[in-house]
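See below for the structure under consideration.
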Amino acid sequence: MKQHQDTLLYLDGVNVSFDGFRALNALSLVLEKGEMRAVIGPNGAGKTTMMDVITGKTRPDSGRVVFGNSTDLTKLDEPDIAALGIGRKFQKPTVFEPHSVWDNLLLALAGDRRPRFTLWARPQSEERDRIEEILLTARLAEHRHRRAGDLSHGQKQWLEIGMLLAQEPQLLLVDEPVAGMTDSETEQTAELLREINRTRSVVVVEHDMAFVRALGVKVTVLHEGSVLSEGSIDHVSDDPRVIEVYLGR
Amino acid sequence: MSRVSLNLCLLAVLGGAGLLAIGNVAMPEGSAYHVPTYAVSLAGKYLCYAMLAVAVDLVWGFAGILSLGHAAFFALGGYAMGMYLMRQIGTRGVYGNAILPDFMVFLNYKELPWYWHGFDNPAFAIVMVLLVPGVLALVFGWLAFRSRVSGVYLSIITQALTYALLLAFFRNDMGLGGNNGLTDFKDMFGFALQADATRSGLLVATAIFLAVQLLVARYVVTSRFGKVLIAVRDTESRTRFLGYRPEAYKLFVFVLSAVMAGIGGALYVPQIGIINPGEFSPANSIESVIWVAVGGRGTLVGAVIGAVLVNFGKTIFTGALPELWLFALGAMFILVTLLLPGGILGLLSRQGRAPKITPAAEPAE
């Protein structure tokens, strides 16, 4: 199949089953370069499995996952895919708790990941500048010396998003970024994601409909492992099938 | 980990060993400052155990690899040194055979097995002390970490590894002295092992090796490599999605730790005067984990404190109530785990918890 010039990520007929349960059922999805996409769907619709497949944690039974022009992600493992420029934020904020905010960002910075490099690595001034920049974007400038484990829930989420930025990925996968956040934190997170989207593509998996509406981007609704509906938030919320399985209950 | 406590520990180890050695060699017998030779050897033994403990702490405390077979690397380093010491005996053995050690003559060996060749050369023996534990750790670690074996499964395989070696070294066919092991050593690098000065010299040498080991370990755990290692310990999958390969980090630190344990074993054998398959027994490895837990996991200094204190306790206890020692050891492990999760060092630090180890509870906001 001919690839469109501006396609960043292309899932083609991806199937995944666990012990007979079909988590993904011939899932196909196309993401443009520079696009922000919201993915919604009830529990068990396959949202997290989709992220697992893209990031190499789960290998699909069949189907293709193509990144950029021709890279088949199903042949690669997590570190290789991360090196290609795909970053992932987990549902539960996952930061390195014993390390300071600064060190968390330092470890996430794009660069040589091999032991023979990190064993001798010295802090560079470009690294310092980049971390300062991310601290400002992620609203963590005054917390740089704090232990990441001592941050509030919302701050941990931002730190993790900041770590994703430090990786300088082309594509960010963000799993439920506003779960457990206060209203003002939610608002700031939407702003942060829009800021990131100016230079990178983003996929946001979210339950919070108000948040998805606030993002104002194209929405994909998953149900039982495949795409049920796709379009603007108004389009999908008027779709009778979507109302039946998800919104109408 | 604080720089200050590690520097204090270096000072105590080097200064203590130096004072004991001076007290043994320079003070006349009968003087109040004279240190008997058995005390020097005992202190040397404790410091060798401390080297094993620091090696265990490096993999367990900083990489989360609970190795229950680390004494195997210690014993392998010991055997490599023991083979060198055996070859130094020459014609002074009971049978007076210049080529074959006593046990080989007794077992009717006709010639020296191929793997004994080269061990009469001290440089070759030293290379083997580093190489044998290192290569075993490399092969074992490569297989285990690449297959993502971790947690209790890894602990069980390391235990199986040391048990397999125990059984192998017990066999007379192995050509390493069977259950009697290697003993009756006469001299090392030309110095008579029975001489007080040699004993004191070995104690000081052990203290220096331990100090260097601590400095290397501190460099590794405070480098960016060490930060990745701690990240792997706590949140391995996150490091993978950041593009790190946890298996490469674990393998490096596992091999480094095995080599350190091997050096400890090589210094242990000349001071104790014997190496036998008992050193491979799983209980030894478990004991070394207890030293680290008692001293404070993930602190390096705690490993030294734990190894010295527990073994000092063992010396006292097995003298007074030998049959109760294992119960005391078990009780100590349970009490430390329940009441002092940060070990002795955690107790000394203000918060009363292990520095860097205890994950913070979810914030109450």
For a quick check: with amide H placed at 1.01 Å from N, whose amide H comes under 5 Å from B:MET188's, ignoring anything fewer than 5 positions away on the same chain?
B:LEU193
Ordered by residue, what ³J(HN,Hα) values in Hz, to whole numbers, does the stretch A:62-72 give under the Karplus form 6.51 cos²θ - 1.76 cosθ + 1.60, where θ = phi - 60° and Gly and Pro are x?
7, x, 10, 10, 10, 10, x, 7, 8, 7, 8
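In terms of the Cα gyration tensor, with a ≥ b ≥ c the square roots of its eigenvalues, is the stretch B:70-150 rounded because a/c is under 1.5, prolate because a/b exceeds b/c, or oblate? Could you put the intermediate results ahead of the total?
Working: a/c = 3.14, a/b = 2.51, b/c = 1.25.
Taking the square roots of the gyration eigenvalues as a ≥ b ≥ c, the stretch B:70-150 is prolate.
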Along the Cα-to-Cβ line of B:LEU107, 7 Å from the Cα, sits a label point; which residues in the stretch B:155-171 have backbone N less than 15 Å from it?
B:166-171
In terms of the charge dipole of the protein assembly as shown, which places +1 on Lys and Arg and -1 on Asp and Glu at the beta carbon, the residue among B:PHE74, B:LEU338, A:TRP158 farthest towards the positive end is B:PHE74
Mind listing the long-range amide H neighbours of A:LYS218? Cut-off is under 5 Å, sequence gap 5 or more, other chains count too, H placed in the peptide plane at 1.01 Å from N.
A:ALA38
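Compute the FRET efficiency between A:ALA26 and A:ARG213 as 1/(1 + (r/R0)^6), taking r as their Cβ-Cβ distance and R0 = 30 Å, and round to the nearest 0.05.
Numbers: r = 29 Å, r/R0 = 0.96.
The formula returns an efficiency of 0.55 here.
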Candidates A:GLY162, A:GLY225, A:GLY13, ranked by Gaussian network fluctuation over chain A, Cα under 10 Å, top entry:
A:GLY13
Contour minus Cα-Cα span, A:GLU133 to A:ASN43, at 0.36 nm per residue, comes to 28.7 nm
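Based only on Cα atoms, what Rg/Rh ratio does the stretch A:128-249 have, Rh being taken as Kirkwood's radius? Could the numbers behind the result be given before it?
Values: Rg = 16.3 Å, Rh = 15.8 Å.
On the Cα set of the stretch A:128-249, Rg over Rh gives 1.03.
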Two pseudo-spin positions, 7 Å from Cα along C-beta at A:GLU126 and at B:TYR38, lie apart in nanometres by 6.5
Please compute one quarter of the surface area of the Cα convex hull for the protein assembly as shown and express it in square nanometres.
34.3
Cα gyration tensor, the stretch B:3-345 - rounded (a/c under 1.5), prolate or oblate:
oblate
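Loop only per DSSP, at most 15 neighbouring Cβ atoms within 10 Å: give me the chymotrypsin sites (Phe, Trp or Tyr not before Pro) in the stretch B:20-63, ordered by residue number.
Working: sites: B:TYR33, B:TYR38, B:TYR46, B:TYR49, B:TRP60, B:PHE62; in loops: B:TYR33.
Passing sites in the stretch B:20-63 are B:TYR33.
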Please identify which residues in the stretch B:235-279 have an amide N closer than 20 Å to a label point set 7 Å out from the Cα of B:VAL94, following the Cα→Cβ vector.
B:273-278
Label points 7 Å out from Cα along the Cβ direction at B:LEU348 and A:ARG59: separation in nm?
5.0
Relative contact order for the stretch A:69-147, counting Cα pairs under 8 Å that sit 6 or more residues apart, in percent:
39
PRE zone check, label point 7 Å out along Cα-to-Cβ of B:LEU326, amide N under 19 Å, scope the stretch B:144-173, hits B:159-160, B:162-164, B:166-167
Point-to-point label distance, B:PHE124-B:LEU167, nm (Cα→Cβ direction, 7 Å offset)
3.2
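Could you give the size of the charge dipole of the stretch B:16-119 about its Cα centre, using +1 on the Cβ of each K and R and -1 on the Cβ of each D and E, expressed in debye and rounded to the nearest 20? Please report the intermediate quantities before stating the final value.
Numbers: 4 positive and 4 negative charges, 33 e Å.
Magnitude of the dipole: close to 160 debye.
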At R0 = 45 Å, FRET efficiency that the Cβ-Cβ distance of B:TRP142 and B:ASN7 yields, to 0.05
0.80
Enumerate the amide H contacts of A:VAL227 below 5 Å, restricted to partners 5 or more residues apart or on another chain; note that Pro and chain-start residues carry no placed amide H.
A:SER28
Using the Karplus equation 6.51 cos²θ - 1.76 cosθ + 1.60 (θ = phi - 60°), what ³J(HN,Hα) coupling, rounded to whole Hz, does each residue of the stretch B:10-18 give in order, writing x for Gly and Pro?
4, 4, 5, 5, 5, x, x, 5, x
Over chain B, what is the relative contact order in whole percent, taking alpha-carbon pairs under 8 Å and six or more residues apart?
30
Pull up the cross-link candidates among the lysines for A:LYS89, meaning alpha carbon to alpha carbon under 30 Å and not fewer than 8 places away within one chain.
A:LYS33, A:LYS47, A:LYS57, A:LYS75, A:LYS156, A:LYS218, B:LYS227, B:LYS250, B:LYS356
Calculated from backbone phi, Karplus (6.51, -1.76, 1.60) coupling profile of the stretch B:318-330 in Hz, x at Gly/Pro
5, x, 8, 10, x, 6, 9, 4, 5, 5, 4, 5, x
Surface accessible to a 1.4 Å probe, per residue, for the residues of the protein assembly as shown, Å²
43
Which of B:ILE274, B:ILE263, B:ILE316 fluctuates most in a GNM of chain B (C-alpha springs under 10 Å)? That residue is B:ILE316
Which of B:LEU251, B:VAL129, B:GLY44, positive extreme of dipole for the stretch B:3-345 (C-beta unit charges)
B:LEU251
Relative to chain A, whose Cα atoms define the longest principal axis, helix A:153-166 and its Cα axis are tilted in degrees, nearest 10, by 80
Highest GNM mean-square fluctuation, chain B, Cα pairs closer than 10 Å: which of B:PHE254, B:PHE106, B:PHE312?
B:PHE106
Computed [θ] at 222 nm, deg cm²/dmol, the protein assembly as shown (DSSP H ≥ 4; -39,500 (n - 2.57); rounded to nearest 500):
-17500 deg cm²/dmol
So if I place +1 on the C-beta of Lys and Arg and -1 on the C-beta of Asp and Glu, and nothing else carries charge, what would the dipole magnitude of the protein assembly as shown be about its Cα centre? I want it in debye, nearest 20.
1140
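The values are calculated or read from the model by the stated rules, or taken from the named source; none is laboratory data. Predicted model only: the values in this text are computed from it and were never measured. No Cβ is skipped: glycine too gets one built from the backbone with ideal geometry, and neighbour counts run over all protein chains shown. The accessibility values were calculated without ligands, DNA or RNA, using every heavy atom of the protein model including side chains. Shrake-Rupley method; radii C 1.70, N 1.55, O 1.52, S 1.80 Å.
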